[in-house]
Amino acid sequence: MVMGSNNSYYYYHCSMCSSMFLFLFVFGNGMASAQLSSNYYASSCPRALSTIQSVVNNAVLKEHRMGASLLRLHFHDCFVNGCDASVLLDDTASFTGEKTAGPNKDSLRGFDVIDSIKSELESICPGVVSCADILAIAARDSVVFLSGPTWTVQLGRRDSTTASLSSANSELPSPFMDLSDLISAFSNKGFTATDMVALSGSHTIGQAGCVTFRRRIYNETNIDSSLATFRKFNCPPQATTPTSLHSTPPPLSSLTTLTSRIW
Ligand code: HEM
């Protein structure tokens, strides 16, 4: 794990873990029905997968963190009423969506990349490829681009026409939950504690705001002290200036260095 370039973030990266397989297996198969298939778009939109991969690769090349952000976007979609792209929906007169939920607001990223993919797909095969499938493939392609493992994504998910702020607030795990609450949150979605630990390996890529781990490094004692000291360097005990969660990420050179760091 290596420091980020500003005082509100730390950056973490490693070779991607097998937890990705688990995540996509459970969400890709367990929450969806039997008609999903990996070649769902073979005849209806044969260039779907290559189009998605191309946009993802360009986006992650431009900003490596985007790979982590797209992976998280898929997780936050799937954890709230399944992998149905509900996370992408803006508020309407009839519902308040998930974008402004505590774990998502000023934090979840990658919407523009998904919009670009959708727009390209609409131009080559209008109305065919679901956003839920785009999110799932984009997460996989991001991990692959960052030198992680690959897996087969089952396709044919349908997009939701509604979203729920309250479900997002109550079902997504918070960084302030204790272990038993975290285990419960994952158990509610069919995951064991072992699954949860494996999936948490996803945090070996990406960034987090200081506010999400300040309490842990300053107030708690059951943490590796050298790690806490290391983190304090870029995370002051009190917030100084308001920090945007969308600050400029570390330069590419530092991210490249991080790819060989394993925790
Ligand atoms: C165990 C429960 C989890 C909690 C409490 C949690 C919490 C968080 C928090 C607080 C952040 C930082 C957000 C910010 O500062 O803007 C984060 C980032 C991230 N999370 Fe999780 N998360 C959990 C599980 C997962 C899972 C299951 C995945 C994927 C399979 C995942 C993938 C990521 C990624 C890739 C990032 C970095 C995103 C970026 O840099 O844009 N997380 N998570």
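The values are calculated or read from the model by the stated rules, or taken from the named source; none is laboratory data. Keep in mind it's a predicted model, so treat the numbers as computed, not measured. Using ideal geometry, Cβ is built from the backbone for each residue, glycine included, and neighbour counts are taken over all protein chains shown.
Taken together, THR150, THR162, THR192, THR204 contain a single residue that is free of Cβ contacts under 8 Å to residues at least 12 places away in the same chain and in contact with a Phe, Trp or Tyr (Cβ under 8 Å, 6 or more places away or on another chain), which is THR192.
Here's the yes/no breakdown for (1) under 15 Å from the mean Cα position of the chain (by Cα); (2) over 30 Å from PRO46 (Cα atoms); (3) aromatic (Phe, Trp, Tyr); (4) modelled with pLDDT of 95 or more:
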position	(1), (2), (3), (4)
THR100	no, yes, no, yes
PHE111	yes, no, yes, yes
SER123	no, no, no, yes
ASP133	yes, no, no, yes
ALA136	yes, no, no, yes
ASP141	yes, no, no, yes
ALA163	no, no, no, yes
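Pull up segment 55-101, narrow it to residues that are out of contact with any Lys or Arg (no Cβ under 7 Å at 6 or more places or on another chain) and of a type in the set (S, T, N, Q), then point me to the one that is surrounded by the fewest Cβ atoms within 10 Å (Cβ to Cβ). Looking at the filtered set, the residue picked out is SER94.
Let's see how each residue does on (1) within 9 Å of the ligand (Cβ to nearest atom); (2) surrounded by 18 or more Cβ atoms within 10 Å (Cβ to Cβ); (3) farther than 27 Å from VAL113 by Cα; (4) not hydrophobic (A, V, I, L, M, F, W, C):
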{"residue": "ALA163", "(1), (2), (3), (4)": "no, yes, no, no"}
{"residue": "SER167", "(1), (2), (3), (4)": "no, no, no, yes"}
{"residue": "LEU172", "(1), (2), (3), (4)": "yes, yes, no, no"}
{"residue": "ALA185", "(1), (2), (3), (4)": "yes, yes, yes, no"}
{"residue": "ALA193", "(1), (2), (3), (4)": "no, no, yes, no"}
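Considering only residues of segment 206-235 that are out of contact with any Ser or Thr (no Cβ under 9 Å at 6 or more places or on another chain) and in a loop (DSSP other than H, G, I, E, B), which is nearest to the ligand (Cβ to nearest atom)? So, considering only residues that are out of contact with any Ser or Thr (no Cβ under 9 Å at 6 or more places or on another chain) and in a loop (DSSP other than H, G, I, E, B), the one nearest to the ligand (Cβ to nearest atom) is PHE213. Kindly provide the set of residues from segment 97-120 that are in contact with a His (Cβ under 9 Å, 6 or more places away or on another chain) and more than 13 Å from the ligand (Cβ to nearest atom), ordered by number. If the condition is that a residue be in contact with a His (Cβ under 9 Å, 6 or more places away or on another chain) and more than 13 Å from the ligand (Cβ to nearest atom), then GLU98 is the only one that fits. Suppose we keep only residues that are polar (S, T, N, Q) and in contact with a Gly (Cβ under 8 Å, 6 or more places away or on another chain) within segment 131-156. Which one would you say is farthest from LEU36 (Cα to Cα)? Only one residue fits best here, namely SER142. Candidates in segment 28-50 are the residues that are outside any loop (DSSP other than H, G, I, E, B) and either surrounded by fewer than 21 Cβ atoms within 10 Å (Cβ to Cβ) or among the hydrophobic types (A, V, I, L, M, F, W, C) (or both); of these, the one that is modelled with the lowest pLDDT is GLY30.
Here are SER123, SER94: which of them is part of a helix (DSSP H, G or I), among the small types (Gly, Ala, Ser) and more than 14 Å from the ligand (Cβ to nearest atom)? Result of the check over SER123, SER94: SER123.
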